[in-house]
Every structure is written in structure tokens, then in C-alpha cells.
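To start, the structure itself, in C-alpha cells.
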Amino acid sequence: MATALVTTLAATPASAHPGRLPIVFVHGNAGSAAQFETQFQRFASNGYPTELMFAYEYDTSVPDNTAAVADLEPFVDDVLARTGASAVLLAAHSRGTGVSQAYLADPAHAREVAKYVNLDGRSAAAPPGGVPTLAVWGEWQSPPDPVLGTVGLVEGAQNVYNRQFGHTETVTAAKTFVDIYRFWFGRSPATTRVLPERRIEVAGRVVLFQQNAGYAGARLEVWPVDAATGRRRGPTPVTTTVIDDGGAFGPLRVRPHQAYEFAVTREDGSVDHFYQRPFIRDDYFLRLNTARPGTGLEAFTKHDPRHVNLTIVRGRELWGDQPDSDVLTVDTLGDGVPPLNVLTPGVAPRTGPGGPGGNTGEVNALFLTDVGARTATGYADPDQRTDLGKNQLFPFDNLTFLAAADVYVAADPGAHRTVRLVMVPRGDRPTTVLNVPNWPSDTHRVSVALPD
């Protein structure tokens with residue numbers, strides 16, 4: 001199922017923004033609008049109207065693109081009707097390039113696209129639909145030694161190769177933003193930074209991972225939290241929303257430099273807690289990825305009142321086996337145990353198969369859970385010990401973009417202690433520190449979003 005939800009703002013007619021066309025982003029496999037979230041903020045920081053930014057989301061749990069291609073037509077038509085524009089600027093990543101190229105194969109559709117950006121996805125013998133095309137490639141398909149074995153190419157297009165970028169970093173990188181901006185507008189952007197604002201509002205969706213369907217019936221609470229501990233401030237949330245089948249929440253006003261928790265209560269009473277850095281600018285593309293109790297990836301992690309289940313997400317691959325690697329330490333404050341770097345070569349290899357035992361690389365989401373010894377069908381019950389020597393846990397070792405590691409983080413029923421996560425990214429990037437409570441995993445899950 002595709003969804004026509006884009007921003008929660010009413011679209012403004014294009015006539016209100018002369019010379020500006022709406023932007024439509026189409027994500028890749030296991031993706032969502034989140035892969036273009038920072039790029040949308042960069043466009044806004046350069047003065048592009050947020051009312052002209054849209055994301056097309058569809059179900060990637062199915063093996064083919066038939067429904068996604070069919071539903072893109074009414075989505076684009078709706079964008080054009082809402083904005084009054086004659087055409088859109090289209091960008092697609094990975095699997096989304098297959099969806100977009102199939103859509104553009106219809107001349108009627110191609111006439112509604114002014115320019116197209118093909119991000120590290122499908123090659124083509126000509127610009128899709130004859131639409132002017134920029135093709136941006138990452139390490140999977142860049143010379144001289146593409147990871148997938150073949151150099152990506154859209155004949156007749158402008159092709160840009162970035163052997164230094166992972167597959168998802170290709171869509172989130174500041175350099176890619178510059179390339180897209182120049183291609184679409186014929187000039188360089190004024191900035192690649194996400195510039196701060198004094199008045200900030202946020203909006204997004206609570207969705208079922210991969211299906212991108214709204215989690216109907218879930219309850220979302222948004223809490224201000226103490227950045228030093230992750231604990232909630234005040235007796236009541238700033239807002240409570242019962243999610244419908246569209247998944248939308250907001251827009252809601254938030255305070256600059258204030259940290260927030262987005263808590264999603266599911267039908268069995270269990271809670272998914274989402275944390276990230278304080279907002280500095282409007283963000284209308286927040287995605288809270290969850291699942292129904294006992295389904296999806298949750299079925300492959302252990303749940304026990306003695307340990308925390310943590311998921312760390314970043315739109316730039318986590319690398320643990322390079323001369324200049326990322327370092328992500330986990331530290332339960334006050335327990336006397338030194339901080340532990342969980343990004344080992346076996347847990348977070350750059351490419352797949354890359355780690356010991358051929359573990360899959362390209363890690364954008366890392367699950368930390370406690371498991372016992374390996375068994376014929378999985379793992380024994382949690383043993384309250386960390387064993388990074390297991391490398392990537394089964395079945396995550398067979399999944400691109402996802403990994404899991406055996407990391408014991410002690411929990412307590414009231415979540416009174418603080419777990420500190422410190423990300424020191426590769427390259428000249430600022431360190432991120434996030435503090436979260438040690439929620440017990442029998443009824444709670446913790447997700448942390450790190451900056452791209």
C-alpha cells in the first residue's frame with residue numbers, strides 16, 4: 001500500500017512561489033521519508049518552501065513494485081492538484097529508482113516531471129522517459145571497484161560517482177544535496193547546513209516498519225525530557241494522539257534545544273520509546289518505525305525485565321572495520337563498567353560480505369539485545385553477559401541495512417538509571433551524546449536516531 005501523506009501542512013499553490021516546483025522523494029527498500037529528512041531541511045534552510053516538499057511512501061515488504069508504480073500516478077497528480085504546479089522535481093533512491101523509472105516509462109507521466117534524480121539505484125540505457133536526469137552513485141556501483149561488480153550508468157544523463165559513500169549515505173550526504181541543488185536550479189546552494197530557527201514545529205507518522213502503513217490504534221505521547229538523564233519532565237505529556245490508519249501526528253510546537261521522547265503505546269500495553277537530538281528546525285518528516293507486538297524483527301530479539309533492548313538508527317552507514325571508523329559507546333552510568341564500543345569489525349563491517357563469517361555490511365540500524373549461546377534455531381535465553389565475539393546475530397547477519405549484537409545493558413523496573421550513548425563519527429563530524437532511561441525489554445523498546 002502506498003500512502004499519499006506528505007507533509008501535514010496545507011499545500012500552497014505554486015503561484016505563491018513563482019519559479020518553484022514541488023519536490024517528490026521516493027524511498028528505497030526498507031526506507032521511508034526519513035532517508036530524505038535532512039535533505040528536506042537543507043532545502044528549507046536555503047529558502048525552499050516546506051509546502052512544496054513531498055514524500056511518496058509505499059510497502060517494501062512485498063517482493064515486487066507493481067502496486068508502488070501504480071500508486072505513484074495518483075500521488076503525483078494529487079501533488080500537482082494541491083500546488084497548482086505543472087510538473088514536479090522527482091528524486092528516488094535504490095528500489096525507488098525502479099519504481100520511478102517504471103512510472104516515467106509512460107510519456108504522460110514523464111511530461112509531469114521536470115527533472116529526475118536517480119540515487120544509487122537502477123541503471124538505464126537512456127534518461128528515463130526522456131526526462132533530464134542526474135544519476136548519483138555510491139560505493140555499490142562506483143568505479144574502479146564497485147561493490148556490486150558493475151558500474152552504474154544512466155546513458156545520456158549526468159552521472160556522479162562517490163566511491164567513498166555507502167549506499168544510504170549517497171542519498172543523505174551534504175555533497176549529494178549540492179549536486180541535486182545545482183542540477184535542479186543551476187546554481188550552488190547558499191549552505192549545506194541545517195540552519196536553526198527560533199520557532200519550531202514537527203510532524204510525522206507512526207508507521208509499521210517496511211509496510212509504511214499507519215499504526216492505527218496506537219497512542220503517541222510526546223514528553224519533554226532531561227537531556228542529561230533522558231527522564232521525563234513534568235507529570236503529563238505535551239500532547240497525546242491516537243494514531244489512525246494514515247499514521248499522521250502533528251504539527252506540534254517544540255522548544256529549541258529541548259530534548260523530547262516520542263512514546264508509542266501498542267495494543268498490548270508495551271511501549272516503543274523514540275529519542276533523538278533536540279530539534280533546531282521545523283521537521284515534517286519524522287518517522288517512528290515500529291511493529292505490532294511479537295511480529296517482524298521483534299520476534300528475533302529477546303525480551304526480559306533484566307535487560308534493555310536498544311535500536312540505533314542512522315542514515316549514514318555505521319562502519320566498524322575501517323582505519324577511520326565510527327565509534328559508538330554504550331555506558332550505563334554509575335554501574336562501574338567502562339563504556340563499550342559496540343561497532344566492532346564483525347558487528348559493523350563496511351560492505352557485505354565484509355565481517356568475520358561473511359556478515360552483511362551497510363548497517364543503518366543496529367539492534368542491541370541480550371542473548372545466550374547459539375542454538376540450532378536461534379539463541380538460548382539471555383545470560384546477562386555481553387559477547388561481541390558472536391559478531392552479527394542471526395538472522396540479522398543475512399539482512400542488508402540491519403545488524404544485531406549481543407550487548408547486555410542492565411534494566412530496572414522503574415528505568416531509574418541512565419544509558420549514555422556517545423557517537424564519534426568517522427571524518428570531521430561532531431560527536432553526539434544521547435542519554436536514555438534503562439527501560440526493561442519485557443514491556444519496552446528504545447530507539448535512538450543519530451544525525452546523518
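The values are calculated or read from the model by the stated rules, or taken from the named source; none is laboratory data. Every value quoted in this text rests on a predicted model; they were computed, and no experiment measured them. Glycine also receives a Cβ, built like all others from the backbone with ideal geometry; neighbour counts cover every protein chain displayed.
If you check Pro437 against the conditions, is it touching a residue at least 60 places away in the same chain (Cβ under 8 Å), out of contact with any Asp or Glu (no Cβ under 7 Å at 6 or more places or on another chain), more than 19 Å from Ala299 (Cα to Cα) and not assigned by TED's automatic domain parsing to the domain that holds Arg266?
yes
In the list Gly204, Gly230, which residue meets the criterion of being in contact with a Gly (Cβ under 9 Å, 6 or more places away or on another chain) and not assigned by TED's automatic domain parsing to the domain that holds Glu51?
Of Gly204, Gly230, the one residue that is in contact with a Gly (Cβ under 9 Å, 6 or more places away or on another chain) and not assigned by TED's automatic domain parsing to the domain that holds Glu51 is Gly204.
Only one of these is over 24 Å from Asp442 (Cα atoms) and in contact with a Ser or Thr (Cβ under 9 Å, 6 or more places away or on another chain): Asp321, Asp406, Asp304, Asp326. Name it.
Being over 24 Å from Asp442 (Cα atoms) and in contact with a Ser or Thr (Cβ under 9 Å, 6 or more places away or on another chain) holds for just one of Asp321, Asp406, Asp304, Asp326, which is Asp321.
On the basis of being in contact (Cβ under 8 Å) with a residue 12 or more places away in the chain and within 30 Å of Glu261 (Cβ to Cβ), does Arg205 make the cut?
In short, yes.
Considering each residue of the stretch 301-323, count those that are of a type in the set (A, V, I, L, M) and more than 12 Å from the chain's Cα centre (by Cα), and give that number.
Here the count works out to 3.
Quick one: what pairs do we get from the stretch 210-238, first residue farther than 27 Å from Val62 by Cα, second of a type in the set (Gly, Ala, Ser) and in a loop (DSSP other than H, G, I, E, B), C-beta under 9 Å, 6+ apart or different chains?
Listed pairs, sorted by first residue: Trp223/Gly234; Pro224/Gly234; Gly230/Ala415; Arg231/Ala415.
With the condition kept exactly as written, say whether any residue in the stretch 110-125 is assigned to a helix (DSSP H, G or I), touching a Pro at 6+ places or on another chain (Cβ under 7 Å) and among the hydrophobic types (A, V, I, L, M, F, W, C).
no
Which condition number in (1) under 19 Å from the mean Cα position of the chain (by Cα); (2) of a type outside the set (Phe, Trp, Tyr); (3) at pLDDT 95 or above is the one that Leu399 fails?
(3)
Give me the residue from the stretch 126-138 that is without any contact (Cβ under 8 Å) to a residue 40 or more places away in the chain and in a strand (DSSP E or B) and, out of that set, farthest from Val88 (Cα to Cα).
Trp137
Do we have any residue at all in the stretch 121-136 that's within 27 Å of Glu362 (Cα to Cα), β-branched (Val, Ile, Thr) and more than 21 Å from the chain's Cα centre (by Cα)?
Yes, the stretch 121-136 has at least one match.
Check Arg198, Arg193 and return the single one that is within 22 Å of the chain's Cα centre (by Cα) and of a type outside the set (Asp, Glu).
Residue meeting the stated conditions: Arg193.
At least 1 residues that are of a type in the set (Lys, Arg) in each: list the strands (runs of 3 or more DSSP E) lying fully within the stretch 225-265 that qualify.
Hits in the stretch 225-265: 248-254.
Determine whether Arg306 is surrounded by fewer than 21 Cβ atoms within 10 Å (Cβ to Cβ) and not assigned by TED's automatic domain parsing to the domain that holds Ala348.
Against the criterion (surrounded by fewer than 21 Cβ atoms within 10 Å (Cβ to Cβ) and not assigned by TED's automatic domain parsing to the domain that holds Ala348), Arg306 does not qualify.
Would you say Phe279 is of a type outside the set (Val, Ile, Thr), within 16 Å of Arg42 (Cβ to Cβ) and assigned by TED's automatic domain parsing to the domain that holds Ala30?
Taking the combined requirement at face value, the residue does not satisfy it.
Check off (1) closer than 26 Å to Gln39 by Cα; (2) touching a Leu at 6+ places or on another chain (Cβ under 9 Å); (3) surrounded by fewer than 20 Cβ atoms within 10 Å (Cβ to Cβ) for Ala190 and give me the number that stays unchecked.
Single failed check for Ala190: (2).
Would you please list the contacts, defined by Cβ atoms under 7 Å and residues six or more apart or on different chains, that run from a residue in the stretch 46-64 that is in contact (Cβ under 8 Å) with a residue 60 or more places away in the chain and over 19 Å from Thr295 (Cβ atoms) to a residue that is surrounded by 18 or more Cβ atoms within 10 Å (Cβ to Cβ) and among the aromatic types (Phe, Trp, Tyr)?
Thr50/Tyr284; Met53/Phe40; Met53/Phe43; Ala55/Phe25; Ala55/Phe36; Ala55/Phe285
Filter the stretch 60-80 for residues that are among the acidic types (Asp, Glu) and farther than 26 Å from Phe177 by Cα and give the result.
Across the stretch 60-80, the qualifying residues are Asp64, Asp71.
How do the pairs read when you match residues in the stretch 97-112 that are within 14 Å of Thr133 (Cβ to Cβ) and at pLDDT 95 or above with residues anywhere that are among the acidic types (Asp, Glu) and buried (at least 18 other Cβ atoms within 10 Å of the Cβ), using Cβ under 9 Å and keeping only pairs 6 or more apart or on different chains?
Close Cβ pairs satisfying both conditions: Thr97/Asp120.
With Arg314, Arg253 as the choices, which residue is among the charged types (D, E, K, R), more than 19 Å from Leu220 (Cα to Cα) and touching an Asp or Glu at 6+ places or on another chain (Cβ under 7 Å)?
So the residue among Arg314, Arg253 that is among the charged types (D, E, K, R), more than 19 Å from Leu220 (Cα to Cα) and touching an Asp or Glu at 6+ places or on another chain (Cβ under 7 Å) is Arg314.
Against the definition (in contact (Cβ under 8 Å) with a residue 40 or more places away in the chain and of a type in the set (S, T, N, Q)), how does Ser123 come out, yes or no?
Here the answer is no, as Ser123 does not meet what is asked.
For the stretch 314-348, name all the residues that are aliphatic (A, V, I, L, M), surrounded by 20 or more Cβ atoms within 10 Å (Cβ to Cβ) and outside any loop (DSSP other than H, G, I, E, B).
Once the filter is applied, which keeps residues that are aliphatic (A, V, I, L, M), surrounded by 20 or more Cβ atoms within 10 Å (Cβ to Cβ) and outside any loop (DSSP other than H, G, I, E, B), the stretch 314-348 yields Leu318, Leu328, Val330.
I'm told Phe185 meets every condition in (1) within 26 Å of Pro451 (Cβ to Cβ); (2) within 23 Å of the chain's Cα centre (by Cα) except one. Can you identify the failing condition by its number?
Condition (2) is where Phe185 drops out.
Looking only at residues that are surrounded by 15 or more Cβ atoms within 10 Å (Cβ to Cβ), of a type outside the set (S, T, N, Q) and not in a loop (DSSP other than H, G, I, E, B) in the stretch 349-383, which one is modelled with the lowest pLDDT?
Across the stretch 349-383, the extreme among qualifying residues is Pro356.
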